[in-house]
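Below: the structure, in structure tokens.
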Amino acid sequence: MAPGDPISEPSAPSIVHALEEQIPLSGIEAAKQRAAFKAVDDHFHPSYKYIGIGSGSTVVYVVQAIAAKGRKITDGMIFVPTGDQSKQLIIEAGLPLGSIDALPPVEVSQTKMGGVAALNVGTGLQDLGLKGKRQSLDVAFDGADEIDDELNCIKGGGACLFQEKLVASSAKKFIVVADSRKLQKRLLTKWPTIPIEIAPLSAPTVKRILITLGSSDPKIRQGGSAKAGPVVTDNSMWIIDAPFPPLCLKSDLKGHDNGDGEHGTWEVHNLGRRLKRITGVLEVGLFHGRNGVQVAAAGEEGGGQKPVAAYFGMENGEVEIRTAKEVHGVKSIP
């Protein structure tokens, strides 16, 4: 899906109905389906409880693969969407629907409710006293607009990047599914821009700062023929599509170039952090930093922005699997 045409794909119900009719697939769509079924085969386990479902055309086949497992398995699970499109996919497939803000706590300790505490709760000065870690998603599946050699991703072509990152970073395992066109050595090789979700009021300021950081012509994404004016996200925000030169990995940096933009080059992680610090930016469509395995190894809660594995449907009919170096195998281990 191109940045300037964010709602060009079929609506979720028509896609699901087409899948139910088992229309034969070919070319790119067949490649997407093969990658989706392989990813689900490797990383979807009957013991899982909470499953994240991303947005975009490739995730349609992920939902198809999961639904094919049967209601006996899926009825005991909760499926968490990244936006309205994936919410409709979940509903159309007959899967139990949840939400990222409704994940229950792992352990609950309640505050003793004396007179003062009860008064504070009643007046909003204190919450209900439910404390402790929240449940993490067991796995989240999503697509991507581009993926580099280290599994950094660009996402947001469908304008769902904030909720996509929220779901990905809440999952123990984040799995990307895509076709071969999305696999590039460096980000911004074929995909032209970084999607950035912003508060509408901040648009002029954000655009000026992006230009000073090296973005040649950042544009507010328009709705095209489907909607007059800017695209409005599920969070009532706008999207700015910011072009930059191809992004470096740390291994690319030479001499005194730190990849901080000073010499005209940006390293993925540096640019992602810098963009997030701009006032008015809700989220940035660079998925970088740590993956879920690294977060778990550090003893922290939730997951990471980067996938632990990416599945690519290739033109020759095969599925290529790229696995994070922290993961020793692609098979799911509950």
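The values are calculated or read from the model by the stated rules, or taken from the named source; none is laboratory data. If you're wondering where the values come from, they're calculated on a predicted model, not measured in any experiment. Neighbour counts run over all protein chains shown; Cβ positions are idealised from the backbone, glycine included. With ligands, DNA and RNA removed, areas are computed over all heavy atoms of the protein, side chains included. Shrake-Rupley method; radii C 1.70, N 1.55, O 1.52, S 1.80 Å.
General remarks:
Okay, residues lined up against (1) in the same structural domain as residue 41 (by TED's automatic domain parsing); (2) over 30 Å from residue 197 (Cβ atoms); (3) at pLDDT below 95; (4) within 21 Å of the chain's Cα centre (by Cα):
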{"position": "277", "(1), (2), (3), (4)": "no, no, no, yes"}
{"position": "280", "(1), (2), (3), (4)": "no, no, no, yes"}
{"position": "294", "(1), (2), (3), (4)": "yes, no, yes, yes"}
{"position": "298", "(1), (2), (3), (4)": "yes, no, yes, no"}
{"position": "301", "(1), (2), (3), (4)": "yes, no, yes, yes"}
{"position": "312", "(1), (2), (3), (4)": "yes, no, no, yes"}
{"position": "315", "(1), (2), (3), (4)": "yes, yes, yes, no"}
{"position": "318", "(1), (2), (3), (4)": "yes, yes, no, no"}
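- Some residue of region 243-265 being outside the structural domain of residue 167 (by TED's automatic domain parsing), assigned to a strand (DSSP E or B) and either touching an Asp or Glu at 6+ places or on another chain (Cβ under 8 Å) or on the phi < 0 side of the Ramachandran plot (or both): yes
- The residue pairs whose first member lies in region 83-107 and is surrounded by fewer than 17 Cβ atoms within 10 Å (Cβ to Cβ), whose second member is of a type in the set (Lys, Arg) and in a loop (DSSP other than H, G, I, E, B), and whose beta carbons are closer than 8 Å, counting only pairs six or more residues apart or on different chains, are 105/133; 106/133; 107/133.
- Only residues that are within 19 Å of residue 137 (Cβ to Cβ) and open to solvent by less than 10 Å² (accessible area, probe 1.4 Å) were counted across region 59-69, and they come to 5.
- Selection from region 36-53 of residues that are open to solvent by less than 10 Å² (accessible area, probe 1.4 Å) and touching a Pro at 6+ places or on another chain (Cβ under 6 Å): 53
- Of all residues in region 187-232, those that are modelled with pLDDT of 95 or more, part of a loop (DSSP other than H, G, I, E, B) and polar (S, T, N, Q) total 3.
- Qualifying residue in region 175-184 (condition: in contact with a Pro (Cβ under 8 Å, 6 or more places away or on another chain), crowded, with 24+ Cβ neighbours inside 10 Å and over 30 Å from residue 299 (Cβ atoms)): no
Residue-by-condition table, conditions (1) of a type outside the set (A, V, I, L, M); (2) in contact with a strand residue (DSSP E or B) (Cβ under 6 Å, 6 or more places away or on another chain):
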| site | (1), (2) |
| --- | --- |
| 160 | yes, no |
| 168 | no, yes |
| 171 | no, yes |
| 195 | yes, yes |
| 199 | no, no |
| 206 | no, yes |
| 216 | yes, no |
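One line per residue, one yes/no per condition, for (1) of a type outside the set (D, E, K, R); (2) closer than 25 Å to residue 319 by Cα; (3) without any contact (Cβ under 8 Å) to a residue 12 or more places away in the chain:
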{"residue": "168", "(1), (2), (3)": "yes, yes, no"}
{"residue": "173", "(1), (2), (3)": "no, yes, no"}
{"residue": "181", "(1), (2), (3)": "no, yes, no"}
{"residue": "185", "(1), (2), (3)": "no, yes, no"}
{"residue": "188", "(1), (2), (3)": "yes, yes, no"}
{"residue": "198", "(1), (2), (3)": "yes, no, no"}
{"residue": "242", "(1), (2), (3)": "yes, no, no"}
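- Answer residue from region 271-315, given it is farther than 27 Å from residue 179 by Cα and touching a strand residue (DSSP E or B) at 6+ places or on another chain (Cβ under 6 Å) and is least open to solvent (accessible area, probe 1.4 Å) among those: 275
- Top-ranked residue in region 55-68 [being touching a helix residue (DSSP H, G or I) at 6+ places or on another chain (Cβ under 6 Å) and not hydrophobic (A, V, I, L, M, F, W, C); ranked as modelled with the lowest pLDDT]: 55
- Per-region count, region 70-82, residues more than 16 Å from residue 52 (Cβ to Cβ) and either of a type in the set (S, T, N, Q) or open to solvent by 40 Å² or more (accessible area, probe 1.4 Å) (or both): 5
- Residue in region 105-112 that is modelled with pLDDT of 95 or more, in a loop (DSSP other than H, G, I, E, B) and among the aliphatic types (A, V, I, L, M) present: no
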